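Note sheet for the following structure.
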Amino acid sequence: MEKDLYMTISSKTKQLLVKQEGFDADFKMTVKGIQATDLVTFANSENGGTILAGVGEVEDKNSMQKGRIIGCPVGDKERLFILSKAESCVPPVEVAIIIENYARKPIYRIEIPSGKEKPYCTAGGTYKIRGDGRTNTLLPGRLLTLYIEKQSETFFNRFREATKELGKDILASDTLLQNALNELRRKVLQIESAIGSNQNSLEKIEAIDKKIDKLLSLQAKGE
C-alpha cells in the first residue's frame, strides 16, 4: 500500500509535472479549485486519473504547458473538503489523498481510480468524462454503453453465484441418490439371505440388483 506522506516529490508526480494536463492528469492551484465534476470525470474514465492540488501551469522553452509547484495548505480542513466532494458524487467516488513535498511547498496528489460502479455523476445529475486535457460531457451513446457494461457485469456476477449454489445442490442430490441406492442394495441383500434357495425370487432380486448397478453407473457418469 502506498504511503500518504512524502517529504519531497514522488517519482509519479515528477512524471506528471513535466507534461501538460491530459487524459490522466489535472492541475489545480488550490484545493478549493477541486469540484465534484473533476472527480466524476476520472471515475468515469477507463484508467482513472490524478489531480495535483497546489500546482499551476507554466510554458517551457518549447511553448508547451507543464506543471509548476506553488504549494497549498495541507491539513484536516483541506482533506475533509476533498472527501466531501468525493462523497457528494453519485455513487460516491473512491479517492486516495497523498501529501507530497511536505518539507518545502506541500501539495496534494489525489488518485481517482476508474470506478467500479460507472457511470458517476454529480449531485446535480451532471455526467462528465476526461478528455485530452479537459472535461467532456458524457454523450447519450457513451452513457448508455456505461450503463449496459455495468448491468452486464452485475448479471454475470449474479449468474456465477447462482451456478455455484446450483452446483452445490446437484452435488448434494448426487450424494442423497448414492446413499438411497446403497440402502436399497443393502435391503435386497438382506432379502436374498432370508429367502435362501428360492430360484424365482433370486432371479427377481438379481434383476433389481442389475438395475441398481446401472443407476449407479449412470450417476457416476453424470447422466
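The values are calculated or read from the model by the stated rules, or taken from the named source; none is laboratory data. The structure presented is a predicted model; accordingly, all values stated were derived computationally and were not measured. Cβ placement follows ideal geometry from the backbone for every residue including glycine, while neighbour counts extend to all protein chains displayed. Quick note on the areas: whole protein, heavy atoms, side chains included, nothing else; ligands and nucleic acids left out. Shrake-Rupley method; radii C 1.70, N 1.55, O 1.52, S 1.80 Å.
Provide a single number: the residues in the stretch 95-126 that are of a type outside the set (Asp, Glu), outside any loop (DSSP other than H, G, I, E, B), at pLDDT 95 or above and touching a helix residue (DSSP H, G or I) at 6+ places or on another chain (Cβ under 8 Å). Residues flagged as of a type outside the set (Asp, Glu), outside any loop (DSSP other than H, G, I, E, B), at pLDDT 95 or above and touching a helix residue (DSSP H, G or I) at 6+ places or on another chain (Cβ under 8 Å) within the stretch 95-126 amount to 6.
If only residues of the stretch 44-58 that are touching a residue at least 60 places away in the same chain (Cβ under 8 Å) and farther than 13 Å from Gly115 by Cα are counted, the one that is surrounded by the fewest Cβ atoms within 10 Å (Cβ to Cβ) is Thr50.
When Thr37, Thr41 are screened for being in contact (Cβ under 8 Å) with a residue 12 or more places away in the chain, crowded, with 21+ Cβ neighbours inside 10 Å and out of contact with any helix residue (DSSP H, G or I) (no Cβ under 8 Å at 6 or more places or on another chain), only Thr41 passes. In this structure, Glu149 does not satisfy being open to solvent by 70 Å² or more (accessible area, probe 1.4 Å) and modelled with pLDDT of 95 or more. Would the stretch 59-74 turn up any residue that is among the charged types (D, E, K, R), buried (at least 17 other Cβ atoms within 10 Å of the Cβ), over 30 Å from Leu146 (Cα atoms) and modelled with pLDDT of 95 or more? Checking the stretch 59-74: not a single residue is among the charged types (D, E, K, R), buried (at least 17 other Cβ atoms within 10 Å of the Cβ), over 30 Å from Leu146 (Cα atoms) and modelled with pLDDT of 95 or more. Across the stretch 21-40, the qualifying residues are those that are among the β-branched types (Val, Ile, Thr) and over 18 Å from the mean Cα position of the chain (by Cα), and the one among them that is nearest to Thr122 (Cα to Cα) is Thr37. Look at the stretch 103-128: where a residue is under 22 Å from Thr30 (Cβ atoms) and a partner is polar (S, T, N, Q) and open to solvent by 70 Å² or more (accessible area, probe 1.4 Å), sitting 6+ places away or on another chain with Cβ atoms under 9 Å, you get Ala103/Thr8; Arg104/Thr8; Thr122/Gln35; Thr126/Thr137; Lys128/Thr137. Among the residues of the stretch 82-109, those that are crowded, with 16+ Cβ neighbours inside 10 Å and touching a Lys or Arg at 6+ places or on another chain (Cβ under 9 Å) comprise Val93, Glu94, Val95, Ile97, Ile98, Ile99, Glu100, Tyr108, Arg109.
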